[in-house]
1. Hey, Thr144 hits all of (1) surrounded by 16 or more Cβ atoms within 10 Å (Cβ to Cβ); (2) at pLDDT below 95 but one; which does it fall short on?
2. Part of a helix (DSSP H, G or I) and hydroxyl-bearing (Ser, Thr, Tyr): does that describe Ser156?
3. Considering only residues that are among the hydrophobic types (A, V, I, L, M, F, W, C), over 21 Å from Thr135 (Cα atoms) and touching a Leu at 6+ places or on another chain (Cβ under 9 Å), look in segment 308-343 and name the one that is modelled with the lowest pLDDT.
4. Answer with yes or no whether Trp255 is among the aromatic types (Phe, Trp, Tyr), closer than 30 Å to Pro185 by Cβ and within 24 Å of the chain's Cα centre (by Cα).
5. Out of the residues in segment 261-311 that are under 20 Å from the mean Cα position of the chain (by Cα) and acidic (Asp, Glu), which is surrounded by the fewest Cβ atoms within 10 Å (Cβ to Cβ)?
6. Please list, ordered by first then second residue, the pairs with beta carbon atoms under 6 Å, 6 or more apart or interchain, first in segment 249-261 and hydroxyl-bearing (Ser, Thr, Tyr), second surrounded by fewer than 24 Cβ atoms within 10 Å (Cβ to Cβ) and not in a strand (DSSP E or B).
7. Could you figure out which of (1) modelled with pLDDT under 95; (2) under 28 Å from His264 (Cα atoms) isn't true of Ile93?
Amino acid sequence: MRQHLFTRPEKKYNTFADLKGAGGFDENYLHESFYKEHIPEFVAAALERLYGNIYCTLGRISAYESLEGISTYVSQRQSVIEAIILFRDEGQIISIVNQQITLPANAISSFCESVFSRYKNAKVVRFYAIDTHLTCFSRFFQQTVALQENVINLPSEKSIYLSSIRPQFRKQILISGQNIKADHPTFQMHLGSQDAIKAETVQAVLKLAQKRMLAKGKTDYTGKINTVALVKLMKSHGHIAFATINGNVCGGAMWLSVGKRHFHQIAAHDPEYDRYMLGNQLWMTAILRCLDLGGKECWLMGGADAHKARFRAEKRTFHSIIIYRSKLCAFFSLQIFVPCWSTQQAARLQAAAILIAHRPDRAGRLVAQAIAVIRSLRATMRERHTR
C-alpha cells in the first residue's frame, strides 16, 4: 500500500530526520514525497548510497546541466529509502534526470502512478539509460536500447588483473613506456586524488581533448562541460593519471569514484605522442590505481568496444523507457509500430491521424492532443541527444 506525503513549498523536509518525523508516518506503507523544483539536502548523500553511480550524483549532473527546475521524488518503507528520482516537469512530458541506475519495475510503477495522479497535464514519463528491462507493465510502454557501457569487473589483486591481459598487448604498453622515456627524458607519469588535483591539470586535459577532437575532425564536446563544476567534482570524487614532458601536461585520464565503482570520464593526450600508445599507458595506470583503491568495477563508457575489451571490459546495456498515460497517446507514436510495417503504410496512417485531428468532435480533440504530445516528446528526445 502507498501513502502520499506531498510536501508544500512553505514546508520542505531538507533532512531525512525531518522527513521521517513529518507526521502520519506508518511503517507498513510505502511513503512517497514530492519536492517541486527542489532538491532536499539529504538527497546528495542518499543518491550515492542508494545507487552507487556517478551519473546520478548531483555533482556530475551539475557539471553538464543546471540543477535549477529539477524536482525530487522520494519513496521509503520502514524508514528505509527505496527510490530517489530526480525529474523535470516539462508540461506533458516528465523527463527523468537519473541515469544508469537500477530501478525495479515496482519502483517505476509506483513513481508513474503517483506522477499521473499528481501532474494532471503529464501524458508521458521518460526514463533515459537505466539498468532495467521491462517485460510487462501496468501501462503501455516503449523500451529501446539507449546506450552500452564497457565495464571491467576487477579482481582482488593487480597480478590477477595483469595476467588476464593478453601478453602481447601488455608487452606493447610496457615497451611504449620505455620508448617515450628514452626519447623524452623528462617524461613522468603522475597520480592525483581529490583535493590534490589541481584545476590547472583538469583544464590542461580538457584542452588536449579539444585538440584531439579537432585533429580527428570530430565535434568538440568539452564546450558543454561546466569546468568549475567539474573541478569541484574531481576534488570530491576524482582521481587522475596524467603525464608531463618538460613539466607540461601531455596527456591525462580523469576518473570519478562512488564507493567501489570507478568511472572513466575524460582521457586525452597530445596526438604528437600517438606512437607511444600514451592513451593506453594512461588507461592502464588509472585502472591499476582503481585496484589500489579497492575498486570492484571500472566503467570505461561506450564505444570502441573491441579496444576496451583488450582491457577485459564487458558490455552492459541500458534502456530508455517511455511510459504513457493512455494507449491512445502511445498508439499514435509511429515509433511503436511493428517493424514489418512499411514507411508508406506508416505515412498513410499518420496522414489519416492528422485528418482526424482537424475534426471538431471529441475524437478530433483527442487525436490532436496525442499528436501534440508526440511532437513534444520527439523534440525533447532530440534536445537530450544533442547535449
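1. (1)
2. On the way: part of a helix (DSSP H, G or I): no; hydroxyl-bearing (Ser, Thr, Tyr): yes.
Taking the combined requirement at face value, the residue does not satisfy it.
3. Among those residues, the one meeting the criterion is Trp341.
4. Details: among the aromatic types (Phe, Trp, Tyr): yes; closer than 30 Å to Pro185 by Cβ: yes; within 24 Å of the chain's Cα centre (by Cα): yes.
Yes: the conditions hold for Trp255.
5. That would be Asp305.
6. Ser257/His237
7. Exception for Ile93: condition (2).
One line per residue, one yes/no per condition, for (1) aromatic (Phe, Trp, Tyr); (2) in a strand (DSSP E or B); (3) under 20 Å from Ala286 (Cα atoms):
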residue: Asn121; (1), (2), (3): no, no, no
residue: Tyr128; (1), (2), (3): yes, yes, no
residue: His133; (1), (2), (3): no, no, no
residue: Leu162; (1), (2), (3): no, no, yes
residue: Arg170; (1), (2), (3): no, no, yes
residue: His190; (1), (2), (3): no, yes, yes
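The values are calculated or read from the model by the stated rules, or taken from the named source; none is laboratory data. Just so it is clear, the model here is predicted, and its values are computed rather than measured. Note: ideal-geometry Cβ built from the backbone for every residue, glycine included; neighbour counts use all protein chains shown.
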